[in-house]
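For reference, the structure discussed in these notes is given below.
The values are calculated or read from the model by the stated rules, or taken from the named source; none is laboratory data. Everything numeric in this text was worked out from a predicted model, so none of it was measured. Please note: Cβ atoms are built from the backbone with ideal geometry, for glycine as well, and neighbour counts cover all protein chains shown. Side chains included, ligands, DNA and RNA excluded: accessible areas come from the protein's heavy atoms. Shrake-Rupley method; radii C 1.70, N 1.55, O 1.52, S 1.80 Å.
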Amino acid sequence: MAAYGDELKIITIGGKGSALTSTSVYTIATGHAQVRIDSSALDRLTNQNRNPQKPLHSIHLINNEASNLIETRAYLTVLLNKLLHYTNSSNVRTFLPNLIAETINSNKLVSEALGLDVEVTEEERLIIEGSSAELYGVCAILDHEGMGLGVVDDAVAALSCEAVKADVRSFDGVDSGDGFVDKEAATVASDMKVLLVGYDSNKRGESEAVSEIPKVNGRLREVVKALHTMVRVELNSGVKGSSGGSRKAVGTTVSGLAIALLFLGKSSLCRVKMNLDVMGKEGLGSGLVSLFEKKCPSRDVLTNGYKAVTDLLVEEDYVKFGYGVYGLLGIVWKIVAWEEITAFFALEGVELMGGIGGQANEGETKVVKKSEKKKKKKTVLGKGTSVIVQLIKDRLQIVGGGSGDCLDLLEKWVENLLSFFSPKQPEFDEFVQKVKEIVERNESRRLPKLPKGTRDFANEQMVIRERAFSIIADVFKRHGATSLDTPAFELRETLMGKYGEDSKLIYDLADQGGELCSLRYDLTVPFARYVAMNGITSFKRYQIAKVYRRDNPSKGRYREFYQCDFDIAGQYEEMGPDFEIVKVLTELLDELNIGDYEVKLNHRKLLDGMLEICGVPPEKFRTICSSIDKLDKQSFEQVKKEMVEEKGLAVETADRIGTFVKEKDSPKELLSKLKQEGSEFLQNASSSRALDELEILFDALERSKCIDKVVFDLSLARGLDYYTGVIFEAVFKGTTQ
């Protein structure tokens with residue numbers, strides 16, 4: 001804390017449109033800034049105060065909950081801001097804000113400040129009592145120190161990873177790329193990797209105290225952000241008639257901080273023990289263990305601190321609860337500081353102490369043995385952690401070594417690092433900013449990564465891809481198709497309404513004041529747009545190009561991938577184009593020589609007829625087809641649950657669908673079964689027409705000697721709106737590709 005009379009920063013409060021921040025409250029509270037009332041605020045009070053009430057009440061301006069001058073100043077700063085921004089301030093005198101500002105800026109001891117009696121008007125009394133300034137003052141302290149801890153805990157944990165040579169490969173798996181990600185944990189893991197760039201772990205297996213770092217530290221970041229949002233609002237909101245709801249909201253938010261601190265403290269203590277174990281039980285390790293046991297809060301102290309604050313929350317004593325959590329935060333700060341100290345000395349202690357250990361007097365503990373110095377190999381640190389280690393070294397060099405017992409020197413250094421690591425010290429803010437700079441500066445040098453759901457294809461893969469595309473294109477050309485290229489994006493109106501439920505997967509481009517566009521979802525709709533736009537009546541074309549889908553990436557499912565389209569538009573012999581398409585598919589798969597496969601085939605009209613027979617309302621045909629389409633990845637029970645619970649289908653209807661979609665056989669055999677006399681499919685116009693068309697198709701496939709590759713499967717479905725006839729897909733049957 002700056003001494004009284006030093007040149008201090010000035011923070012102005014009460015200006016029109018100004019906002020008080022947690023950082024400003026903290027800077028004033030810790031004595032590193034003085035407060036000044038904006039002249040316009042005093043003018044406002046003077047102009048509104050034409051007929052002030054006479055003072056009616058003598059009150060203690062400061063309650064006895066605050067245990068130190070920092071908490072008292074925080075409370076008074078918030079109260080001052082509330083008074084200056086009180087909208088109906090006709091009975092708030094300029095005397096009161098001036099007195100509070102003078103008290104904040106004075107160098108009074110806590111006991112003197114607590115004894116401050118003031119005569120106030122009735123309205124001033126109501127403002128003071130209704131402001132909850134004491135509660136929001138301690139919340140502002142929690143916010144500021146919590147934000148600092150949320151930055152520093154990652155850097156300290158990274159030092160511990162270096163010290164114990166931890167296996168940190170699990171950090172790579174925090175963001176699995178499946179679209180479901182714990183954002184704060186992923187950010188912590190990312191920052192840790194930046195700090196550890198160049199670090200080489202032993203990869204001998206990971207401890208829980210290391211693997212939990214992203215989750216535990218991420219939770220702290222999350223609750224501190226929630227607290228920051230709440231405090232920012234409450235510091236600058238008006239005085240409410242009833243503050244019960246606000247106080248309970250504070251309790252809810254701050255209780256989240258308390259439990260996050262508990263688990264962070266426990267996790268940090270585990271890594272402290274790991275750091276000490278690495279150092280061993282002799283020499284420097286022995287000296288540090290002794291100091292740790294005397295000075296670092298224990299697990300019991302941490303746990304009891306948490307239990308104490310939860311009792312206060314249950315009793316709804318929110319101010320005491322806030323101060324209790326501030327005390328708990330202080331305990332965790334000390335633990336994290338000890339993690340930093342033990343990690344630092346595990347990494348640099350022997351080299352730093354040099355030959356001092358050999359000079360200990362008889363009967364004294366040698367902090368560093370000469371044998372330890374010889375055995376210690378120079379550790380190659382990560383780019384980020386090496387900067388942090390150097391900052392700590394510089395700090396210790398300022399303190400200096402000096403003569404005397406090496407245990408005394410070690411204790412002197414430990415005390416200095418504990419002070420350096422106190423958020424109340426002005427140099428601590430510089431340390432926090434340095435850590436932020438390390439992470440942000442390395443962002444530009446961070447190993448770049450692909451967007452989720454995309455892939456790179458190196459030369460070896462491209463050779464295979466180009467050969468495959470060449471084979472596919474040759475088959476297409478052999479069947480008379482010509483090449484066509486269409487834009488990667490289309491007008492949004494062209495794509496919408498063509499894909500059923502999958503329309504939500506279309507990538508929309510940002511509206512930049514022109515036409516509303518989206519990335520193409522497939523190549524079929526752009527082809528249909530091209531045919532319609534140009535008045536083409538007959539066209540056979542192929543296109544091999546990338547398409548884009550805003551799907552959740554998973555194994556084998558990407559957001560950017562190639563489609564190889566072969567489309568026929570025009571009037572042709574019945575089922576002629578369908579036959580040719582299936583024939584093309586079998587030819588190119590045979591020529592690609594991928595191994596054993598089958599072509600699953602069905603008819604959309606047959607599906608519609610089946611749904612009608614089962615009692616599905618026509619308006620639900622498309623959405624139920626989308627559910628049936630998932631049967632290749634999910635069990636029927638899962639699909640049934642979706643149809644019944646999410647899409648409102650009757651259980652009996654879903655069960656009847658289940659009996660049909662299990663039908664699967666060679667084309668001729670299943671067709672014969674479905675066309676037996678008395679079959680419900682023959683009595684339905686849609687399905688009867690589909691069976692006739694399939695009979696023509698199967699005869700053609702049989703004549704072309706490729707029907708043995710086809711399986712007639714009633715579970716094959718498509719939810720896209722443009723499917724009206726034959727639907728099919730090829731399925732690989734082999735064990736290797």
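What number of residues within the stretch 37-88 are farther than 20 Å from Phe321 by Cα, modelled with pLDDT of 65 or more and over 40 Å from the mean Cα position of the chain (by Cα)?
Final tally of qualifying residues: 18.
Given the conditions (1) modelled with pLDDT of 90 or more; (2) among the β-branched types (Val, Ile, Thr); (3) assigned to a helix (DSSP H, G or I), which single one is not true for Ile392?
Looking at each condition in turn, Ile392 falls short on (1).
Among the listed residues Ala163, Ala140, Ala186, which satisfies the condition of being in a helix (DSSP H, G or I), touching a Phe, Trp or Tyr at 6+ places or on another chain (Cβ under 7 Å) and at pLDDT 80 or above? Before the answer, list the steps.
Details: Ala163 fails: touching a Phe, Trp or Tyr at 6+ places or on another chain (Cβ under 7 Å); Ala186 fails: touching a Phe, Trp or Tyr at 6+ places or on another chain (Cβ under 7 Å).
After applying the criteria, what remains is Ala140.
Go through (1) under 22 Å from Phe579 (Cα atoms); (2) part of a loop (DSSP other than H, G, I, E, B) and name the single condition Phe698 misses.
(2)
Take the stretch 265-289 and flag every residue that is in a helix (DSSP H, G or I), closer than 18 Å to Glu411 by Cα, touching a residue at least 60 places away in the same chain (Cβ under 8 Å) and open to solvent by 20 Å² or more (accessible area, probe 1.4 Å). Spell out the reasoning first.
Taking the stretch 265-289 and keeping what is in a helix (DSSP H, G or I), we get 265-279, 284-289.
Among the residues that remain, those that are also closer than 18 Å to Glu411 by Cα are: 272, 275-276, 279, 284-289.
Checking the rest, the ones that are also touching a residue at least 60 places away in the same chain (Cβ under 8 Å) come to 272, 275-276, 279, 284, 286-288.
Matches in the stretch 265-289: Met279, Ser286.
List pairs: first in the stretch 572-598 and at negative phi, second surrounded by 14 or more Cβ atoms within 10 Å (Cβ to Cβ) and among the aromatic types (Phe, Trp, Tyr), Cβ under 6 Å, 6+ apart or cross-chain?
Listed by first residue and then by second, the contacts come to Val584/Phe566; Leu589/Tyr597.
Tally up the residues in the stretch 25-42 that are of a type outside the set (Phe, Trp, Tyr) and open to solvent by less than 30 Å² (accessible area, probe 1.4 Å), please.
10
Of the numbered conditions (1) surrounded by 17 or more Cβ atoms within 10 Å (Cβ to Cβ); (2) at pLDDT below 95; (3) under 20 Å from Asp567 (Cα atoms); (4) not aromatic (Phe, Trp, Tyr), Ser538 satisfies every one except a single condition; which is it?
Result: Ser538 passes all but (1).
Select from the stretch 675-691 the residues that are exposed (fewer than 14 other Cβ atoms within 10 Å of the Cβ) and assigned to a loop (DSSP other than H, G, I, E, B) and list them in ascending order.
At the first step, the residues of the stretch 675-691 found to be exposed (fewer than 14 other Cβ atoms within 10 Å of the Cβ) are 676-678, 683, 685.
Within the stretch 675-691, Gln676, Glu677, Gly678 meet the criteria.
Across the stretch 574-620, what is the total count of residues that are farther than 17 Å from Ser704 by Cα and open to solvent by 20 Å² or more (accessible area, probe 1.4 Å)?
Looking only at that region, the number is 15.
Inspect the stretch 322-336 for any residue being β-branched (Val, Ile, Thr), under 28 Å from the mean Cα position of the chain (by Cα), open to solvent by 20 Å² or more (accessible area, probe 1.4 Å) and at negative phi and give the result as yes or no.
yes
Can you list the helices (runs of 4 or more DSSP H) found entirely within the stretch 575-667 that contain at least 2 residues being within 13 Å of Leu714 (Cβ to Cβ) and β-branched (Val, Ile, Thr)? Don't jump to the end; show me each part of the working.
On the way: elements: 576-592, 604-614, 621-628, 636-641, 651-661.
Per the criteria, 651-661.
Could you grab the pairs with beta carbons closer than 7 Å, sequence gap of 6+ or different chains, first residue in the stretch 621-645 and of a type in the set (Asp, Glu), second one open to solvent by less than 40 Å² (accessible area, probe 1.4 Å) and modelled with pLDDT of 85 or more?
Partner pairs satisfying both residue conditions: Glu642/Ser627.
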